[in-house]
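J.: First the structure, then my questions, so here it is.
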Amino acid sequence: TYYFQADGSRLDNGFYNNWGRTYYFGSDGARWDNRFYNNWGHTYYFGGDGALQKQDFILGHQNYYVDPNSGIINGTLLNAPYINQYQVGDMACEATALLEALHNKGYANNYNIQSFIKTMPISPNGNPNEGFGGGYQRVTYGIFQSIYPEPLAKWGSRFGNVQNISGSSPTDLQSQLLNGNPVVVYVTMHWAAPQYGNYFWGVGVNNSHVMTLDGYRPGYYHVEDPAGGSYWVSASNFENSYNIKRFAVVVK
């Protein structure tokens, strides 16, 4: 569909407003239908009839939240699956969160948590920078039972496109989510203040916890928490906890 203006010229790279709706015509003059539009630091969506979407919508398995006045997409929900870590162990949050994210992108579908966790790399000396420290079945005091982002991403790469994006800001995480990519994030249990411990390999957060981030909207983030279920958490609680380490692994 094209639009020719009052002087007969074709509208290229421009917006057209009529019937209470907004349309966009690209550099080739064609109306943008079923396409995302990025400008001014925001993302918009033009639907099947070419009109700027100004209400929430769903594409595939992904929900999008839209400001009804501006049409700015200000949130999304990927609807990643929830998996209960306690099916396999008290300290299995990293493996469970990774499998949640992998399944959300269609990877490792022939694995359940029982079979998947058996493929997890184990560090023989308990260094989380090399693999999982200790056993995952139950709490072992004095051992930092975790696997850090680099070996986690390397492990995940055996099953799909998995990358260590540690250092990402909360805004960066939102961009990943908007692009349809769930993120495995390292936070604290119950969003509590960090409790630090000294180990031979460095300082660890003893009350750390790992979960899948699969959505956001103004004032909130959505998580698939292997130990707590699927829920929305306040942006302040999430960001305060995440910013302690900014450890993150994305599945694309």
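J.: What number goes with the only condition from (1) in contact with a strand residue (DSSP E or B) (Cβ under 6 Å, 6 or more places away or on another chain); (2) surrounded by fewer than 23 Cβ atoms within 10 Å (Cβ to Cβ); (3) of a type in the set (A, V, I, L, M); (4) closer than 18 Å to Ile165 by Cβ that Leu213 does not pass?
T.: That leaves (2) as the condition not met.
J.: Then there's this: Identify all residues within the range 136-170 that are closer than 21 Å to Tyr199 by Cα and open to solvent by less than 30 Å² (accessible area, probe 1.4 Å); write none if there are none.
T.: Hits for the range 136-170 are Phe144, Gln145, Ser146, Ile147, Tyr148, Pro149, Pro151, Leu152.
J.: So Tyr44 fits all but one of (1) part of a loop (DSSP other than H, G, I, E, B); (2) touching a Gly at 6+ places or on another chain (Cβ under 6 Å); what number is the exception?
T.: (1)
J.: Now for a different question. Taking Tyr196 and the conditions (1) open to solvent by less than 70 Å² (accessible area, probe 1.4 Å); (2) farther than 28 Å from His61 by Cα, which numbered condition does it fall short on, given that it satisfies the others?
T.: All conditions are met except number (1).
J.: Only one of Gly8, Gly71, Gly50 is in contact with a Leu (Cβ under 7 Å, 6 or more places away or on another chain), over 25 Å from Asn104 (Cβ atoms), part of a loop (DSSP other than H, G, I, E, B) and of a type outside the set (Lys, Arg); which?
T.: Gly71
J.: Can you name every residue in the range 19-37 that is of a type in the set (S, T, N, Q) and within 17 Å of Pro68 (Cα to Cα)?
T.: The one that is of a type in the set (S, T, N, Q) and within 17 Å of Pro68 (Cα to Cα): Thr22.
J.: OK, next. Specify which of the listed residues (Trp232, Trp191) is touching a residue at least 12 places away in the same chain (Cβ under 8 Å) and within 17 Å of Ile83 (Cα to Cα).
T.: Matching residue, one of Trp232, Trp191: Trp232.
J.: Could you tell me whether Thr43 is touching a Phe, Trp or Tyr at 6+ places or on another chain (Cβ under 7 Å), touching a residue at least 60 places away in the same chain (Cβ under 8 Å) and farther than 30 Å from Phe144 by Cα?
T.: Taking the combined requirement at face value, the residue satisfies it.
J.: Just give me the residues in the range 82-119 being in contact with a Ser or Thr (Cβ under 6 Å, 6 or more places away or on another chain), open to solvent by less than 10 Å² (accessible area, probe 1.4 Å) and touching a residue at least 40 places away in the same chain (Cβ under 8 Å), in sequence order.
T.: Gln85, Ala97, Glu100, Ala101
J.: Scan the range 228-252 residue by residue and report those that are open to solvent by 30 Å² or more (accessible area, probe 1.4 Å) and of a type outside the set (S, T, N, Q).
T.: Across the range 228-252, the qualifying residues are Gly228, Tyr231, Trp232, Glu239, Ile244, Lys245, Arg246, Phe247, Lys252.
J.: Show the residue pairs that are 6+ apart or on different chains and have beta-carbon atoms under 6 Å apart, the first residue being within the range 133-148 and at pLDDT below 85, the second being open to solvent by less than 70 Å² (accessible area, probe 1.4 Å).
T.: Short answer, once both residue conditions are applied: Thr140/Gly134.
J.: Out of the range 11-28, which residues are hydroxyl-bearing (Ser, Thr, Tyr) and assigned to a loop (DSSP other than H, G, I, E, B)?
T.: Across the range 11-28, the qualifying residue is only Ser27.
The values are calculated or read from the model by the stated rules, or taken from the named source; none is laboratory data. Please read all numbers here as calculations on a predicted model, not as lab measurements. With ideal geometry, Cβ positions are generated from the backbone for all residues, glycine too; neighbour counts draw on all protein chains shown. For accessibility, only protein heavy atoms count, side chains too; no ligands or nucleic acids. Shrake-Rupley method; radii C 1.70, N 1.55, O 1.52, S 1.80 Å.
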